[in-house]
Amino acid sequence: MSDVVFVFTNPRHHLEMMAPVAAELGRRGVRTALVSLAELRGFVTPPASGARRVLPFHVRRRHAGSAPAPRATPGSVPALGGAGSGRARWLAQRLVWHLGLAPRLAWMLRGARVVVVPNDAVYPYVELLGRLHRSGVRTVLMQEGIRFPQLESYTGPRYGGTVSSAVCAWGEGSREFFAGFSQVPDRRIVVTGAPRLDDLDPASWRAAGDELMASHRLPAAPIAFLSNPIEIQGYGTREAKLDLFARFLAGAAPVVAAAGIPVIVKNHMHEDPRDYAQVAAQSPIGALVRVLDTGSTFAAIACARAVVVFTSTVGLEALMFDKPIGVLEIPGHEFAFEYVQRGAAVGIRIADVTRGVEQLLAADPARAAAGQALVRRHLHDRGRARHHVADAIERVLSGDRTRGRDRTPDDQAMNASNTARKQ
């Protein structure tokens with residue numbers, strides 16, 4: 001049995017952020033384990049990860065590691081088994097939880113004193129944390145990506161709002177989100193940084209970027225369109241998102257066609273590259289667009305001259321590569337994250353994409369400086385994040401040893417950590 005168990009659903013960024021912390025705790029003599037729910041989302045648990053699979057089969061299938069983006073309510077996860085009514089999804093989730101996941105997880109997490117999760121506001125984490133807390137097991141939330149307030153129409157659970165013993169925030173920007181929008185008590189927030197980005201070395205990806213360009217026969221450094229499933233966050237529908245992509249290509253056409261600049265597209269795991277390829281083929285610059293269905297996002301960033309995003313964490317990663325970024329407007333919602341608001345990105349208005357792309361490709365030292373300031377605001381003490389998260393987990397473990405199975409953290413230790421951070 002393990003003292004600390006990490007539970008994840010995404011075998012990429014969840015595993016990438018948890019594995020270094022588990023390894024660090026192991027070096028300190030703490031017994032840890034990784035438990036994977038990847039198959040619930042149609043992903044595959046990497047055998048080399050050493051993670052134990054909750055499900056021995058896939059609940060739903062994916063094509064080339066991706067799936068058509070499902071219709072979903074804000075904050076929800078993709079529907080089990082595909083499309084259907086909201087009521088049908090809810091019933092399917094309840095059935096899978098009570099008949100399969102709950103008993104299986106109860107057995108796999110038996111004896112754990114602390115359970116670490118990447119999300120506390122979606123299925124099945126909401127159900128899991130509710131059961132753990134009723135059983136007196138303490139939990140820690142590790143921030144999984146950039147955070148920004150949900151739409152006003154959203155009425156579901158707030159990310160960070162579950163009463164975990166500690167919330168590990170990436171930086172001061174995230175601390176403000178948790179303390180404000182999610183109303184997490186400050187004593188529970190520990191600014192740690194992002195472990196999966198501790199070792200990111202942009203220079204080391206240059207060769208992979210060159211290889212990507214060669215394999216796709218790109219004549220020049222491309223603009224990288226790095227998408228994410230904004231419809232899952234409540235921003236319209238999949239069809240509306242694809243229409244925005246089409247309008248982006250149409251608006252960018254006069255600029256990129258004249259200069260011979262290609263456009264590469266890298267999708268989120270919850271999206272189907274075939275959707276984007278179909279839109280690209282019908283665009284006025286179809287011959288210049290390459291939709292990637294394999295390969296690393298970092299390689300795509302490394303070879304790009306500029307990056308365009310909707311609301312994704314990948315914008316922050318692009319800034320770490322010193323790439324100029326543009327944020328495509330979501331009509332009616334402006335720009336969700338603070339890339340544009342803090343001067344770190346070009347806001348590409350959907351009604352004037354051509355001008356936005358021209359600005360994106362023009363050098364702007366002030367915008368570049370604002371981008372690096374934004375990285376510092378959202379990524380604390382890069383290179384040491386895994387140690388800071390491990391420290392936070394050990395404090396929660398210490399509280400468990402000294403105060404039994406009380407779910408209240410060692411507030412004195414947490415406050416000491418926050419005081420040191422602020423100084």
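Taking 0.36 nm per intervening residue step and subtracting the Cα-Cα distance, what contour gain separates Ser135 from Thr237 on full extension? Working shown, then result.
On the way: separation 102, 0.36 × 102 = 36.72 nm, distance 3.86 nm.
Taking Ser135 through Thr237 to full extension adds about 32.9 nm, to one decimal.
Expressed as a whole percent, how much of the Cα-Cα distance distribution for region 291-374 exceeds 15 Å? Each step should come with its number before you reach the end.
Values: 1883 of 3486 pairs.
Summing the P(r) of region 291-374 above 15 Å gives 54 percent of all pairs.
For region 202-378, what is the relative contact order in percent, using Cα pairs closer than 8 Å and at least 6 residues apart in sequence? Could the numbers behind the result be given before it?
On the way: 298 pairs, mean separation 43.1, N = 177.
Value for region 202-378: 24 percent.
Relative to the longest principal Cα axis of the chain, at what angle does helix 125-134 sit, 0 to 90 degrees, rounded to 10?
Roughly 10 degrees, rounded to the nearest 10.
Compute a Gaussian network model of the chain, connecting alpha carbons closer than 10 Å, and tell me which residue from Ala344, Ala385, Ala257 fluctuates the most.
Highest fluctuation among the options: Ala257.
Compute the long axis of helix 13-27 from its Cα atoms, compare it with the longest principal axis of the Cα atoms of the chain, and write down the angle in degrees, 0 to 90, nearest 10.
Long axis of 13-27 versus the principal axis of the chain: about 40 degrees.
Can you run phi through the Karplus equation (6.51, -1.76, 1.60; θ = phi - 60°) for region 182-191 and list ³J(HN,Hα) in whole Hz, with x for Gly and Pro?
8, 6, 7, x, 4, 5, 8, 8, 10, 7
Taking every DSSP beta bridge that has both residues in region 202-378, what percent is antiparallel when rounded to the nearest 5?
Working: 1 of 19 bridges.
If we restrict to bridges inside region 202-378, about 5 percent are antiparallel.
Give me the log10 of I(q) over I(0) for the chain at q = 0.14 Å⁻¹, as the Debye formula computes it from C-alpha points; what are the numbers?
For the requested q values the scattering log ratios are -1.35.
Expressed in nm to one decimal, what extension gain is obtained for the pair Arg384 and Arg31 from 0.36 nm per residue of sequence separation less their Cα-Cα distance? Walk me through the numbers before you get to the answer.
Values: separation 353, 0.36 × 353 = 127.08 nm, distance 2.08 nm.
Computed gain between Arg384 and Arg31 is 125.0 nm.
Non-local amide H neighbours of Arg384 (under 5 Å, H modeled in plane, Pro and chain starts lacking H): which ones?
Residues meeting the criterion, in which the H sits 1.01 Å from N, do not exist here.
Antiparallel as a % of all DSSP beta bridges within the chain, to the nearest 5?
Working: 2 of 40 bridges.
If I count the DSSP bridges inside the chain, around 5 percent turn out antiparallel.
Classify region 202-378: rounded, prolate or oblate, from the alpha-carbon gyration tensor (a ≥ b ≥ c, eigenvalue square roots; a/c under 1.5 rounded; otherwise prolate if a/b is larger than b/c)? Let's see the in-between values first.
Numbers: a/c = 1.28, a/b = 1.04, b/c = 1.23.
Since a/c stays below 1.5, the shape of region 202-378 is classed as rounded.
Return the FRET efficiency for the residue pair Ala106, Ala257: r is the Cβ-Cβ distance, R0 is 45 Å, and the value is rounded to the nearest 0.05. It would help to have the intermediate numbers written out before the result.
Numbers: r = 58 Å, r/R0 = 1.30.
According to the calculation, E is roughly 0.15.
Compute, for region 202-378, the length of the dipole vector about the Cα centre, with Cβ point charges of +1 (Lys, Arg) and -1 (Asp, Glu) only. Units Debye, rounded to 20. Write down the numbers at each step before the final one.
Details: 16 positive and 17 negative charges, 70 e Å.
Approximately 340 debye in magnitude.
Under a point spin-label approximation (7 Å from Cα along Cα-to-Cβ), what is the Asp352-Glu172 distance to one decimal in nm?
3.3 nm
Restricting to DSSP H runs of at least four residues, report the calculated mean residue ellipticity at 222 nm for the chain, -39500 (n - 2.57) per run over all residues, nearest 500 deg cm²/dmol. Intermediate results must be reported in sequence, preceding the final value.
Details: 14 runs with 161 residues, N = 423.
Helix contribution divided over all residues of the chain: -11500 deg cm²/dmol.
Rounded to the nearest 0.05, what FRET efficiency do Arg52 and Ala281 give with R0 = 35 Å and r taken as the Cβ-Cβ distance? Could you check? Don't skip to the answer; put the middle values down first.
Details: r = 43 Å, r/R0 = 1.22.
Given R0 = 35 Å and the Cβ-Cβ separation, E is 0.25.
Would you mind telling me which residue in Arg376, Arg196, Arg87 has the biggest mean-square fluctuation in a Gaussian network model of the chain, where springs connect alpha carbons within a distance under 10 angstrom?
Of Arg376, Arg196, Arg87, the Gaussian network model singles out Arg87 as fluctuating most.
As a footprinting exposure proxy, order Ile285, Ile232 by other Cβ within 10 Å, with the fewest listed first.
Details: Ile285 18, Ile232 22.
Final ranking by Cβ density, sparse to dense: Ile285, Ile232.
Could you compute the FRET efficiency for Ser153 and Met1, with r as their C-beta to C-beta distance and R0 at 45 Å, rounded to 0.05?
0.55
Here, each number is a calculation from the coordinates, and none is a lab measurement. Quick caveat, the model's predicted, so the values are computed rather than measured. Counting neighbours? That spans all protein chains shown, and the Cβs are built from the backbone with ideal geometry, glycine included.
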